[in-house]
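Chemist: Pasting in a structure now, in structure tokens, and then I'll have a few things to ask.
The values are calculated or read from the model by the stated rules, or taken from the named source; none is laboratory data. No experiment lies behind these values; they were computed from the predicted model shown. Every residue, glycine as well, gets a Cβ built from its backbone with ideal geometry; the counts of neighbours run over all protein chains shown.
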Amino acid sequence: MFLMDLKSHEKFAFLHLAHFLARIDGYFSQSEQEIIHEYCVEMGIDDIFFDPSEFDLHKTLQQFKSFQSQHIVMMELMLLIYSDSEFNEKEHQMITEIANFFGIDKALLERFAKWGEGASRLFNQGKMLIQTPRTNCS
């Protein structure tokens, strides 16, 4: 939703973060794959090849200098987390580490989480509406 506001280098850094977070629980779900595909479409870039052995969380997070970019990252990562209707312990630990790195307090992190949960529900409802066939109304 807000990824177009990121600078070019931030978009690629965000994709690395998204791939990392999507795989943190050892499972890359279909819904997480769909969300990452939607991110790429929204940003107008091709998906990346993600190699977890070359990923450096802190180096990646340093790419986001402005609080606006940091907030966009948090919101969009929360959407990703809730895409499979689970916010597991590993995801919680990682998003907390990211929030701490950005200097985001617990109250604001909670607001991002609520936004992500709601946005994920709306996204899933939208997908269902797109796929629902029309009925003949008399």
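Chemist: In the set GLU42, GLU32, GLU10, which member is touching a helix residue (DSSP H, G or I) at 6+ places or on another chain (Cβ under 7 Å), exposed (fewer than 15 other Cβ atoms within 10 Å of the Cβ) and assigned to a helix (DSSP H, G or I)?
Modeler: Numbers: GLU32 fails: exposed (fewer than 15 other Cβ atoms within 10 Å of the Cβ); GLU10 fails: exposed (fewer than 15 other Cβ atoms within 10 Å of the Cβ).
Result of the check over GLU42, GLU32, GLU10: GLU42.
Chemist: Considering only helices (runs of 4 or more DSSP H) fully contained in segment 66-136, which possess at least 1 residues that are within 18 Å of ILE35 (Cβ to Cβ) and touching a Phe, Trp or Tyr at 6+ places or on another chain (Cβ under 7 Å)?
Modeler: The qualifying helices (runs of 4 or more DSSP H) are 67-82, 106-131.
Chemist: Moving to a separate point now. Name every residue in segment 13-29 that is closer than 20 Å to ALA119 by Cα and crowded, with 18+ Cβ neighbours inside 10 Å, in order of residue number.
Modeler: PHE14, LEU15, LEU17, ALA18, HIS19, LEU21, ALA22
Chemist: Is there any pair linking a residue in segment 13-33 that is among the basic types (Lys, Arg) to one that is modelled with pLDDT of 85 or more and surrounded by fewer than 21 Cβ atoms within 10 Å (Cβ to Cβ), with Cβ under 7 Å and at least six apart or on different chains, and which?
Modeler: Hits for this filter: ARG23/PRO52.
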